[in-house]
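Contents: one structure, followed by commentary.
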């Protein structure tokens, strides 16, 4: 295990100090429980007034080096234009050198309603911070061919000029609801900010996201509320960032307060594919007060590229809360929200 850890440290140093390496954003199995991270056009696209979401992901826990990701968001539905405003915070910690990224972003969405569809446009803008603990890096002149890492050794490698980097970030998205279809796309890092630690420009490539969901109502024609019905919901999400691309495809069965999903995550040639399961529980629903409290868990098992016994897979947990303000109980909602639905 010590040799594996040392090798991981060494590879981390190589990757982080190579100026041509490009970063890649993380993605969630429970993407539906972090709607603002998926697409800024989903800001305010729910039937209540205020929505809050928190999701945490820990990846490959058996491999040395911390790979964890957290995203929190809150958005407010503005009835006047059927979209909303929101705030999104993301944090990631990767590797034993604790490469850390923090982003705080404001989001805005506006909707156009027609007889057959609801079309939403979204924008996001914010500040990102990238840091690294240079003292945790191990270089080749700190390694002995027989003994491995030499404790207390100091590398002759030059320190990086920027261990703490701030930059502006932006994105945009579009979403349309047509009948029981929900279709959207987003572009993050539109300005391709420079996140280099060395002073040599290293542009963060744009991330393109496309998503398509269909809600099949198994109780169509019955006089029931949506939270009393059963649905089958197939979904496909496509990600592309520089040369890296992946597809998440799955099928969810939603019956009243429980939602169970099965997912397949494909990766590019340098990554790993995985099979995942997700379980979502609506712990509390107050239909008259427009309240809903939700818990979600998921677990992914690698099926190519990595061995489950060496990684322990990837797990996620999420919490969501949605409510209607008391002063808005009797106010008419934006017409398009009558056709909005939870596609999870």
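The values are calculated or read from the model by the stated rules, or taken from the named source; none is laboratory data. Predicted, not measured: the structure shown is a model, and the values here were computed from it. Glycine also receives a Cβ, built like all others from the backbone with ideal geometry; neighbour counts cover every protein chain displayed.
Per-structure values
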read-out	value
Condition broken by residue 301, with the remaining ones in (1) more than 16 Å from the chain's Cα centre (by Cα); (2) under 19 Å from residue 26 (Cβ atoms); (3) touching a residue at least 40 places away in the same chain (Cβ under 8 Å) satisfied	(3)
Single unsatisfied condition, residue 70 versus (1) surrounded by fewer than 18 Cβ atoms within 10 Å (Cβ to Cβ); (2) under 22 Å from the mean Cα position of the chain (by Cα); (3) modelled with pLDDT under 95	(3)
Complete set of residues in the range 190-216 that are part of a loop (DSSP other than H, G, I, E, B) and touching a residue at least 40 places away in the same chain (Cβ under 8 Å)	193, 195, 196, 197, 198, 200, 202, 204, 205, 215
Residue satisfying all of: in the range 279-317; touching a strand residue (DSSP E or B) at 6+ places or on another chain (Cβ under 8 Å) and farther than 24 Å from residue 263 by Cα; surrounded by the most Cβ atoms within 10 Å (Cβ to Cβ) among these	292
Residue satisfying all of: in the range 73-97; surrounded by 19 or more Cβ atoms within 10 Å (Cβ to Cβ) and part of a loop (DSSP other than H, G, I, E, B); modelled with the lowest pLDDT among these	97
Conditions (1) at pLDDT 95 or above; (2) loosely packed, with under 13 Cβ neighbours inside 10 Å; number of the one not met by residue 201	(1)
Residues being part of a strand (DSSP E or B) and within 24 Å of residue 297 (Cβ to Cβ) - total across the range 217-261	23
Condition check for residue 52: part of a strand (DSSP E or B) and either surrounded by fewer than 16 Cβ atoms within 10 Å (Cβ to Cβ) or in contact (Cβ under 8 Å) with a residue 40 or more places away in the chain (or both)	yes
Yes/no for residue 182 being over 25 Å from residue 29 (Cα atoms) and touching a strand residue (DSSP E or B) at 6+ places or on another chain (Cβ under 8 Å)	no
Some residue of the range 321-342 being surrounded by 14 or more Cβ atoms within 10 Å (Cβ to Cβ), farther than 24 Å from residue 120 by Cβ, touching a strand residue (DSSP E or B) at 6+ places or on another chain (Cβ under 9 Å) and modelled with pLDDT of 85 or more	no
Within the range 221-244, tally of residues that are under 14 Å from residue 25 (Cβ atoms) and surrounded by 15 or more Cβ atoms within 10 Å (Cβ to Cβ)	6
